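The values are calculated or read from the model by the stated rules, or taken from the named source; none is laboratory data. Here the structure is a predicted model, which means the values were calculated and not measured. Counting neighbours? That spans all protein chains shown, and the Cβs are built from the backbone with ideal geometry, glycine included. Ligands, DNA and RNA are excluded from the accessible area calculation, which covers all protein heavy atoms including side chains. Shrake-Rupley method; radii C 1.70, N 1.55, O 1.52, S 1.80 Å.
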Amino acid sequence: MRQLPTQETAPGDISIEEIMRRIPHRPPFLLIDRAEDYRPHESIVGIKSVTINEPYFVGHFPGRPVMPGVLIIEAIAQTGGVLMSKSLQVDVAGKGIMFISVDNCRFRHPVKPGDVLRMPVEVIRARGDVFKFRGRGMVGDKVAAECEFAAMLVEVPA
C-alpha cells in the first residue's frame, strides 16, 4: 500500500527549524512559520499563522487589530530570502541575504488575528547573487498585499 506524503514529509516543505537555519530573523520579527511547494530557483509558498499574540496588535489598532502592511511585505521578503538561501545553498556563517528594493507594492485586504497568510513568491530574474521576485500575501482567495522586490547575497562581517 502506497503512503501519501504528510505535511511533515511532503517534498518541498520547509520546517521552522530549517527556516531559522537559513535566515537570521527571530521572534518577534520572524514572520514566517513554515514554507511549502519549494521549487529551487523558481518559487515557494510561505505560511504565517497570524495570532492575537503578535506584539504589534497592542498598538495597531486597539480594538480593531490589523497586521501592518509593511510587516506583510517583510513576511513576503523573508519567504523570498528562504527561497534564495536554499536555492543557492548559502553558508549562513559568513553570508547574509539583504532586501534591497521593493516596487509596485499594493495593499488590498486587511490581515487580522486568526488569518492564515499564504505568501506565494516566484523568481522573476536571477543573476549571480541578486534575485528579483514577485510575491503576494493571500488570505483565502483574497490578495492582502502584492509587490516585486529584490535581494542580494552579501558578506557578513564576523
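Out of everything in region 63-103 that is open to solvent by less than 60 Å² (accessible area, probe 1.4 Å) and among the charged types (D, E, K, R), what residue ends up being farthest from the chain's Cα centre (by Cα)? Filtering region 63-103 for residues that are open to solvent by less than 60 Å² (accessible area, probe 1.4 Å) and among the charged types (D, E, K, R), the one farthest from the chain's Cα centre (by Cα) comes out as LYS86. Of all residues in region 14-39 being open to solvent by 50 Å² or more (accessible area, probe 1.4 Å) and acidic (Asp, Glu), which is nearest to LYS95 (Cα to Cα)? Result: GLU17.
So, in region 48-60, of the ones that are among the aliphatic types (A, V, I, L, M) and surrounded by fewer than 19 Cβ atoms within 10 Å (Cβ to Cβ), which residue ends up modelled with the highest pLDDT? Restricting to residues being among the aliphatic types (A, V, I, L, M) and surrounded by fewer than 19 Cβ atoms within 10 Å (Cβ to Cβ), the top hit is ILE52. Are any of the residues in region 24-43 out of contact with any Lys or Arg (no Cβ under 8 Å at 6 or more places or on another chain), of a type in the set (Phe, Trp, Tyr) and modelled with pLDDT under 95? So far as region 24-43 goes, no, none of its residues is out of contact with any Lys or Arg (no Cβ under 8 Å at 6 or more places or on another chain), of a type in the set (Phe, Trp, Tyr) and modelled with pLDDT under 95.
All conditions but one from (1) of a type in the set (A, V, I, L, M, F, W, C); (2) more than 20 Å from TYR38 (Cα to Cα); (3) at pLDDT below 95 apply to VAL92; the one that does not is (2).
Results for (1) more than 17 Å from GLY135 (Cα to Cα); (2) in contact (Cβ under 8 Å) with a residue 40 or more places away in the chain; (3) out of contact with any strand residue (DSSP E or B) (no Cβ under 6 Å at 6 or more places or on another chain); (4) of a type outside the set (Gly, Ala, Ser), shown as yes or no for each residue.
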{"position": "SER49", "(1), (2), (3), (4)": "yes, yes, no, no"}
{"position": "ILE52", "(1), (2), (3), (4)": "yes, yes, yes, yes"}
{"position": "MET84", "(1), (2), (3), (4)": "no, yes, no, yes"}
{"position": "GLN89", "(1), (2), (3), (4)": "yes, no, yes, yes"}
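In summary, strands (runs of 3 or more DSSP E) completely within region 56-158 and bearing 3 or more residues that are over 24 Å from ARG26 (Cβ atoms) and of a type in the set (D, E, K, R) occur at 116-127, 130-139, 142-155.
Among the residues of region 111-127, write down those that are open to solvent by 60 Å² or more (accessible area, probe 1.4 Å) and out of contact with any strand residue (DSSP E or B) (no Cβ under 6 Å at 6 or more places or on another chain). Of everything in region 111-127, those that are open to solvent by 60 Å² or more (accessible area, probe 1.4 Å) and out of contact with any strand residue (DSSP E or B) (no Cβ under 6 Å at 6 or more places or on another chain) turn out to be LYS112, GLY114, ARG127.
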